[in-house]
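Below: the structure, in structure tokens.
The values are calculated or read from the model by the stated rules, or taken from the named source; none is laboratory data. For clarity, every value in this text was computed on a predicted model and none was experimentally measured. For neighbour counting, all protein chains shown are included, and Cβ atoms are generated from backbone atoms with ideal geometry for every residue, glycine included. We work out accessible area using only protein heavy atoms, side chains counted, and drop any ligands, DNA or RNA first. Shrake-Rupley method; radii C 1.70, N 1.55, O 1.52, S 1.80 Å.
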Amino acid sequence: MTKMDLMLVRMIKNSKSQFLAVLIIIITGICVYTSMSMASANLSDTLDTYYEENRFPHLFVQVLGVPVQVAERLERVEGVGKVTGSLVMDVPVLTEDTEKRKTLRLITIKGDEQELSRSTLLSGRALSDNRKEIWLINQYAKANGIKAGDEIRVQISGADYTMEVAGIVANPEYIYLLESSQSIMPDDEGFGIGYLKEPLGRLIVDEGQNYNYIRIEYEPGAKEEALIEAVEAQLKPYGIISSVKREDQLSNAMIQEELLNLRRLSDSLPLLFLFVAGFILMMILSRMVKKDRLKIGILKAIGYDNQQILLHYVKYAVMAGLAGGLLGSTLGMALAGAMTKLYLEFFNLPLLTVNFDITYIFKAMFLAALFCLISGVVGARGVLKIAPSESMREEPPKKGKRILLERVHFLWKRFSFSRKLVMKNVFRNKKRTAFVISGVALTYGMILFTVTMPSVVDQMMNLHFTEFQKMDYNIGFYKPVDERAVRDLYHIIPIDHAEGKIEYPFELSRGHREVTVNILGLKKDTQFYSFKDTSNRMISMPERGILLSENLAKTLKAEKGDLIRIRSLLTEKEDVEIPVAGVVKQSLGMNLKSMRAQLSGLEASYAMAKETVSKNKILYEQGVLSRQEYDRAVTAERELAAQISSPAIFY
Amino acid sequence: MEILRVENLCKSYQMGEVEVKALTDASFSVEKGEFVVVLGPSGSGKSTLLNIIGGMDSPTSGKVFFKDEEITGFDDKKLTEYRRKRVGFVFQYYNVMANLTAEENVELAMEIVENPLPIDEVIEAVGLSSRRDHFPSQLSGGEQQRVSIARAIAKNPELLLCDEPTGALDYNTGISIMALLSKLNREMGKTLIVITHNSDIALMADRVIRMRSGQIIENTVNENPINAEEIKW
Ligand SMILES: Nc1ncnc2c1ncn2[C@@H]1O[C@H](COP(=O)(O)OP(=O)(O)OP(=O)(O)O)[C@@H](O)[C@H]1O
Ligand SMILES: [Mg+2]
């Protein structure tokens with residue numbers, strides 16, 4: 001070891017606490033980096049494996065009802081590997097608790113090894129063919145304290161059914177258990193999935209030999225767009241409600257988003273720590289160089305050159321980086337296991353093995369060393385300026401210029417001596433002051449953000465529900481009902497006001513831009529929805545034309561007065577062109593992680609919001625149409641219009 | 001043989017409005033193996049002169065030749081090399097590295113040259129054999145100054161420059177340091193330039209240069225230099 005290195009080692013030994021302080025910050029940063037990166041990598045791996053093993057489909061098509069044979073024939077479409085059809089029905093669960101509404105989504109399964117979206121049995125037994133039993137999704141079972149062997153009572157088409165819970169399962173389609181894209185948060189207690197054998201399903205659902213939900217797995221190398229087109233062409237006569245690619249499947253999209261956030265966080269959070277560590281190292285080194293002025297002068301007089309001396313100090317920083325990197329990444333690895341398990345549990349992923357990828361250690365060490373190298377060079381660059389002959393003399397003090405504040409006499413007079421000193425220090429060392437202030441600001445900003453975020457969200461929700469959507473209750477119907485049903489409601493329950501709305505997906509296009517969104521059809525004099533235009537003025541439902549949400553207008557590059565082409569996905573009707581009557585504000589339309597899904601319906605006004613697929617992101621956008629326009633657009637004939645006026649809103 | 005030649009050396013510092021002339025038109029030359037003492041009152045420019053000769057500072061004008069090379073024309077890199085290979089420095093405040101032992105301090109200098117003197121010989125020569133593993137804090141001022149002398153000569157330089165090497169020492173210790181330096185001068189043939197306030201020391205030198213206000217006012221050759229021990233009275 002050279003004597004320079006020996007000096008370095010002894011110096012570190014003599015100021016252990018200082019070195020330790022830097023080390024701890026680096027260790028923290030690197031530990032966060034390794035654990036989060038590994039956890040997110042593990043999570044993605046696990047998810048991929050899970051999807052593969054349980055045959056998570058590539059395409060999900062919701063239809064009004066397609067005969068089994070037609071569904072099976074889809075396997076002949078170019079690129080389609082496997083098709084699995086199901087009957088899906090949301091039914092109320094009957095419980096003692098009358099306060100809380102509980103819904104169970106019944107999905108039929110074949111129960112064979114090859115079917116798509118296979119469930120993983122966590123406890124209990126396989127479903128038998130001739131008993132009234134179901135598998136219950138893990139999240140719902142856990143939230144409601146239901147175990148295999150318990151019974152569950154549901155109401156289907158007005159009749160009560162008691163079924164035995166044969167097993168508790170996990171399913172790749174419902175890792176993130178949301179009822180629909182309109183749901184705000186997973187409500188494990190209030191919404192669950194029940195899987196039942198197809199014959200039993202047909203018995204109680206009474207849908208004939210139809211499926212209303214088709215899943216498709218592609219063959220390797222399938223051309224997705226062409227495939228979707230072909231599939232949609234075949235299913236069109238049976239009324240396509242939605243066709244969703246894997247990347248947009250609700251649960252998957254939410255999880256991918258979560259993974260993305262985790263990755264983003266694991267990329268940025270450690271950087272913050274490293275920046276802080278780097279800054280502290282820089283300060284330490286520049287102070288050290290100042291303190292070692294004489295020593296540096298002597299080294300130069302002896303004949304050491306600038307690089308050798310600079311390196312001496314940079315080594316200090318790099319050693320901190322390497323040591324911190326090694327310790328931090330080792331610690332991070334240990335933590336990654338626990339963190340992965342936590343995540344797997346959070347996402348209800350049944351699983352598997354946790355991988356320890358040692359390349360993360362090298363990555364972490366490299367990252368830490370790089371940061372420390374840079375801050376070392378920056379911090380110790382003062383070495384270069386020290387002339388050997390000068391270093392033997394006292395350093396001349398910085399010229400004490402008068403600071404600006406001193407000229408404000410009436411203020412300056414009032415300061416005590418010590419405060420004057422503080423002020424002078426603050427103003428003379430401007431760089432340092434700026435740094436300290438921004439550091440403090442950043443910290444406070446982070447704290448304030450986390451503290452106020454919930455209340456901001458609250459406020460948005462509030463705004464949304466009190467200003468834009470004023471109904472107290474929504475009733476959804478399984479099938480479209482006639483408008484008379486709304487009037488009937490007045491006789492059944494005491495209500496102040498009720499009105500119907502329609503909501504169906506359409507393809508909107510303008511030029512080459514096109515999106516698929518749900519469009520909401522409202523009554524001209526709706527009392528439940530209100531709209532504000534982009535400059536915050538209230539606007540009423542237009543006589544003619546469609547109201548677009550800001551996002552949707554942006555996506556379509558449409559302005560008031562432009563013509564929008566609207567194509568029905570449910571019927572073979574001719575396309576209709578409708579002018580944009582206005583662009584409306586949305587309070588909740590922004591891309592909020594957990595809330596995003598539900599926002600859709602909220603903000604707009606009179607029309608309806610819905611997710612649209614653009615590239616690989618789901619945007620929640622909306623278009624609004626007056627009821628008459630809606631009818632005109634969708635159905636030239638009045639009878640069809642009557643049929644789709646399904647959900648009623650009242651309070 | 002001439003080892004060093006100083007020609008019309010000037011150095012001035014600009015202090016705001018006023019120009020401080022630290023060195024004015026200094027010229028002289030030094031023979032190889034000579035023992036030169038520079039005398040002069042405080043502020044007369046002695047350190048300034050020595051720093052320029054040692055390649056630690058550059059003059060405002062004038063030239064310094066070491067052998068045939070003009071060091072005042074060197075760039076940073078060549079100056080560093082000159083300091084490393086040709087010059088050994090001893091300063092007034094025994095500037096040794098606090099976290100290295102006596103021996104390690106000497107090795108610190110030896111590590112950057114190709115042909116250093118054998119370490120044992122150097123330590124023996126400065127009389128620190130029994131103290132080689134001690135840290136500076138465990139050594140007296142005189143012993144520390146011996147360490148820095150050992151460090152300066154260990155590189156086996158041709159020129160030994162000492163800026164008031166006895167300045168911080170008591171009289172007797174100072175004499176013993178001077179005796180050591182003159183021994184190194186005589187036995188190893190190192191050219192030695194020593195700055196001092198003490199005119200007694202000048203009696204030991206082959207050449208005495210007197211300075212005042214940045215100027216050389218006298219440059220005399222001492223025909224009969226005496227031994228350090230004889231200075232005692
Ligand atoms: N960096 C500097 N800036 C301004 N003036 C300087 C600087 N270095 C030296 N001087 C001035 O140059 C003159 C000569 O200084 P120098 O250090 O060479 O004197 P000296 O003879 O070594 O004195 P001493 O015996 O006290 O060490 C002095 O007047 C000093 O103030
Ligand atoms: Mg001096």
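Here are a few things to note about the model shown:
- Pairwise burial B:A, computed as accessible area of each alone minus the pair, summed, 1.4 Å, Å²: 2000
- In this structure, the amide hydrogen of A:F191, modeled 1.01 Å from its nitrogen in the peptide plane, lies closer than 5 angstrom to those of A:T103, counting only residues at least 5 positions away or on a different chain.
- Ordering A:322-331, A:87-96, A:13-22 by mean Cβ neighbour count within 10 Å, with the highest value first, yields A:322-331, A:87-96, A:13-22.
- Normalised contact order of the stretch A:57-253, rounded percent, pairs of Cα under 8 Å and 6 or more residues apart: 40
- Amide N proximity, the stretch B:180-195 versus B:K67 label position 7 Å along Cα-to-Cβ, cut-off under 14 Å: B:191
- Accessible area (Å², 1.4 Å probe, nearest 10) - A:R567: 80
- Take each residue of peptide A:3-12, count the partner chain Cβ atoms within 10 Å of its Cβ, and average: the result is 4.
- Too-long pairs where the Cα-Cα distance tops 23 Å, listed order kept, from A:K100/A:K501; A:K501/A:K585; A:K523/A:K560; A:K300/B:K78: A:K100/A:K501
- Cross-link reach is defined here as a Cα-Cα straight distance under 13 Å, omitting same-chain residues fewer than 8 places apart; for A:K3 the aspartates and glutamates meeting it are B:E103, B:E104, B:E107, B:E111.
- The length gained by stretching the chain between A:R428 and A:Q209 to full extension, at 0.36 nm per residue less their Cα-Cα distance, is 70.4 nm.
- Heavy-atom accessible area ranking, 1.4 Å probe, most first, across A:F273, A:F417, B:F74: A:F417, A:F273, B:F74
- Computed accessible area, B:C162, all protein chains, 1.4 angstrom probe, square angstrom: 0
- Of the residues B:V122, B:V90, B:V18, the one that moves most in a GNM of chain B with alpha-carbon contacts below 10 Å is B:V18.
- Annotation: amide H-H contacts under 5 Å for B:L160 (H modelled 1.01 Å from N, sequence separation of 5 or more, or interchain): B:G88, B:T191, B:L192, B:I193.
- Average beta carbon contacts from partner chains per residue of B:81-91, 10 Å cutoff: 3
- Carbon + sulfur, % of accessible area of the stretch A:57-253 - ligands and nucleic acids excluded, 1.4 Å: 46
- For the residue pairs A:K82/A:K245; A:K16/A:K431; A:K291/A:K430; A:K16/A:K315, the alpha carbons lie more than 24 Å apart in A:K16/A:K431.
- Karplus-based coupling profile of the stretch A:113-121, in residue order and whole Hz: 6, 8, 5, 7, 6, 5, 7, 9, 6, with θ = phi - 60° in 6.51 cos²θ - 1.76 cosθ + 1.60 and x standing for Gly or Pro.
- Whether the stretch A:193-269 is rounded, prolate or oblate, judged on the alpha carbon gyration tensor where a/c under 1.5 counts as rounded: oblate
- Set of the stretch A:280-299 residues, backbone N closer than 12 Å to the point 7 Å along the Cα-Cβ line of A:I403: none
- Contact order normalised by residue count of the stretch B:2-230, Cα under 8 Å, 6+ apart, percent: 27
- Solvent-accessible surface (1.4 angstrom probe) belonging to A:Y343, in square angstrom, nearest 10: 50
- Model label points for A:T443 and A:A233, set 7 angstrom from Cα along the Cα-to-Cβ axis, are 6.5 nm apart.
- Reachable aspartates and glutamates from B:K46, criterion Cα separation under 15 angstrom, eight or more residues apart if same chain: A:E390, B:D25, B:D57, B:D163, B:E164, B:E218
- Under Karplus coefficients 6.51, -1.76 and 1.60, residue-wise ³J(HN,Hα) of the stretch A:273-282 in Hz, glycine/proline x: 4, 5, 4, 4, 4, x, 5, 5, 4, 4
- Between A:D150 and A:M1, residue separation times 0.36 nm minus the direct Cα-Cα distance comes to 46.3 nm.
- Proximity of backbone amide H atoms, modeled 1.01 Å from N, is registered between B:N222 and B:R207, B:V208 at under 5 Å, excluding neighbours fewer than 5 places apart on the same chain.
- FRET efficiency estimate (nearest 0.05) - Cβ-Cβ, B:K77 to B:R212, R0 25 angstrom: 0.10
- In range of the label at A:A387: residues from the stretch B:178-211 whose backbone nitrogen is under 16 Å from the point 7 Å along Cα→Cβ: none
- Per residue of peptide B:50-63, the mean number of Cβ atoms on other chains within 10 Å of the residue Cβ is 2.
- Sites A:K142 and A:R419 - FRET efficiency at Förster radius 60 Å, r taken between beta-carbons, to 0.05: 0.50
- Computed FRET value (nearest 0.05) for A:S157 with A:K557, which takes r as the C-beta separation and R₀ as 51 Å: 0.65
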